[in-house]
Every structure is written in structure tokens, then in C-alpha cells.
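Okay, structure first, notes after.
Laboratory data are not the source of any read-out in this text; all were calculated from the coordinates shown. These numbers were taken from a predicted model, which means no experiment stands behind them. Cβ atoms come from the backbone with ideal geometry, glycine included; neighbour counts cover every protein chain shown.
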Amino acid sequence: GLPARVRIHEVGPRDGLQNEKATVPTEVKAEFIRRLADAGLTTIEATSFVHPKWVPQLADAEELFPMVSGLPVDLPVLVPNERGLERALSLSATRVAVFASATESFAKANLNRTVDEALAMFEPVVRRAKDGGAHVRGYLSMCFGDPWEGPVPVDQVVRVCRALRDMGCDELSLGDTIGVATPGHVLRLLAALNEGGVPTGVIGVHFHDTYGQALANTLAALQHGVTTVDASAGGLGGCPYAKSATGNLATEDLVWMLRGLGIDTGVDLGRLVATSEWMAGRLGRPSPSRTLRALSHK
Ligand code: HMG
Ligand code: MG
């Protein structure tokens, strides 16, 4: 069966904008987040407290976060280490996310660490966040394929998911960073996670649409019982490690499918489309979302 309700974890302002070539002005980012909240999204990943040299697009986190923190929605932020956590907590963030990798190559490229060194870096972050009453999400990248290592064995993914759970992460997000997953692989991984002691209730899915499989993968995950789905308004973003990557599953495409399935999300599709059209105008490039194009007024 399918779930009656799905929680959309909107990642456009973070995963989307971090990968856009243009750096968007802080006021435009704040307006984007306000409009997404107004369209009914209740979890909007706002920014990252990472090293500004690694992700210059999000270097304005200190200015942006206070501009939106009063909104009546959850605003998770990424924190790679204790320095990042301190920056986030000093602005009263209540939801943070660490981000691990299932592969050594991406751990090195993204975090300048081995997989286990990165886990050791997250351990005090998760503990201190939990002690301070924050909700902690644990991302795991390259859960299906890796641009340097190829297909990723499910056991490798299960091991790191277990480590994130044991550390105290409230929720996990399985990242298909380069968008190579297919539905059978998704089901095999979810079954292996359950067998390895990770319950479906703590699992979210994070698909990128590079090969056009993100919706099919999402449907497979829903049929397995997953109820948290990451998506990016207008399908913003890309991935610096995969040429022709088209970004995350577009929130519009997800909402269209869920609406057709009779699954409640609380999102007003018209307002969401208008927001993504406005953002595409600011970025100066059309959205890759098929649903957005179909419903577009332009
Ligand atoms: P490093 O160079 O090894 O850092 O980078 P370090 O720990 O050696 O510190 C070096 C300097 O950076 C120090 O300053 C620190 O204070 C400073 P110095 O003493 O030399 O003057 N520093 C910081 N400054 C501000 N904020 C911080 C911070 N940390 C250290 N938080 C590090 C290690 C983890 C910091 C770096 O690799 C980094 O910032 N990486 C972030 C990369 C990133 O954000 N990637 C995108 C997000 S992941 C993703 O998109 C995937 C996802 O969507 C899921 C999917 O699709 O798979 C989530
Ligand atoms: Mg991502």
C-alpha cells in the first residue's frame, strides 16, 4: 500500500542553489524561502554552515538565516563539524544535518576526510546537537553509484547508515547524488537496511533526476513505506561531479504524482509553480521540471 501522507523535505535553497553557477543575492534567497513556505512546504532546508571556500554560494548563511528564522516552518541547515554547529546554534537553529558518504572517493572530495574520519568528525556534532535539543538528520551520499567507484554495494551503505543511527541521528536521508539509481536497486537497499536494523520510519529518500528515474525511484520507496521525500523546487541544482546532472527531483513533479495518487502534502501547486518560475527568471535559465513547464503561464 501507499502512505496517506508524505512529508516533502524541500532542498531547493540549499542543494539547489549550492550547485547553481550564479550566486544568488541574500534577499532573493530569503524571498525564495518565504514563497516556498507560503506555497505550503513545511520543511525547507535553508542553507549550510560549511567552509565558505568550499561552497561560496552559501557563504551568506549568517545573514540569510535570521531573515527567515521567524517563519512558521522547519528550517534545517547543514553542519559538517563542530565549527558549523556552533555557527548554526548561535543563530538558534533547531534542526541540523550532518552529511556522510558511502564511498571513500566522495568523502575525500566533499569533506577532505576518509569515511570513518568523517564519522568521527560528526560524532561530537550529533551529541552536542542532541544535548541542545536539536533534531538531527544524517545524510548519506553516493548510496547507489559513485562517479569514481561505480556501483556502490548495499552492505557499504548499510554500514554507514548504522553508524549514523548509532550516533543518534533522528532521521537518515539516502542520497542518490549522481542520479543513477533505478527502482529495483532502491528496493534492494531498503530491504537490506531493514535487515540491518534500520527501520523504514527513519528513512528519507533524496533522488537526483540525472537519468530521469527520480519519480520511479520515489514511487518504489513509497511502496516500501517511506514517507519522507526530498525534492527541490523547479528541480534546481546539479552536481559538480556528474556532467549533465539536472539537479534534484523537482518538487512540482513530486507534488503532481502524489496528488494523482491521492496522497496529501499540503502544497499549493499553483503557488509553487509561480515561485519556481520567478526563481528561474532570477537565475536566467529555464527550469528542467516537466510539470512546471506544463503548468507554466509563460
Ligand atoms: P578542511 O579544509 O579539512 O577543514 O575542510 P579543517 O577542519 O582542516 O579547517 C580548516 C579551516 O576551515 C579552519 O580555519 C577552520 O576554522 C575552517 P583556519 O584555522 O585555517 O583559519 N572551518 C570552517 N569555517 C567555517 N565554517 C565551518 C568550518 N569548518 C572549518 N563549518 C570541511 C573540512 C568539512 C570544513 C570542508 O570540507 C567543508 O566545508 N565541506 C563542505 C562541503 C559541502 O558543503 N558539500 C555540499 C553538501 S553535501 C551534498 O550536497 C550532498 C547531499 O545533497 C546529499 C546527496 O545528494 O548525496 C546532502
Ligand atoms: Mg543532493
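Just a few scattered comments:
- Relative compactness, region 2-61, computed as alpha-carbon Rg over 2.2 N^0.38 Å: 1.24
- Rg to Rh, two decimals, where region 177-242 supplies the alpha carbon set and Rh follows Kirkwood: 0.98
- Whole-Hz ³J(HN,Hα) from phi, Karplus 6.51 cos²θ - 1.76 cosθ + 1.60, for region 8-14, glycine and proline x: 8, 9, 6, 10, x, x, 9
- Fraction in percent of alpha-carbon pairs per bin - 5 Å, the chain: 1, 6, 13, 18, 20, 19, 14, 8, 2, 0
- Formal net charge of residues neighbouring residue 193 (Cβ-Cβ distance under 12 Å; K, R +1; D, E -1): +2
- P(r) for region 194-289, from all Cα pairs and a bin width of 5 Å, is 3, 13, 22, 22, 18, 13, 7, 2, 1, 0 %, short bins first.
- Over the chain, DSSP H runs of length four or greater, each weighted -39,500 (n - 2.57), average out per residue to a 222 nm ellipticity of -12500 deg cm²/dmol.
- A Cα-only calculation for region 1-151 places Rg and Dmax at 15.6, 46 Å.
- DSSP-defined beta bridges in region 95-240 - what % are antiparallel, rounded to 5: 10
- Per residue convex hull volume, Cα atoms of region 87-195, in Å³: 99
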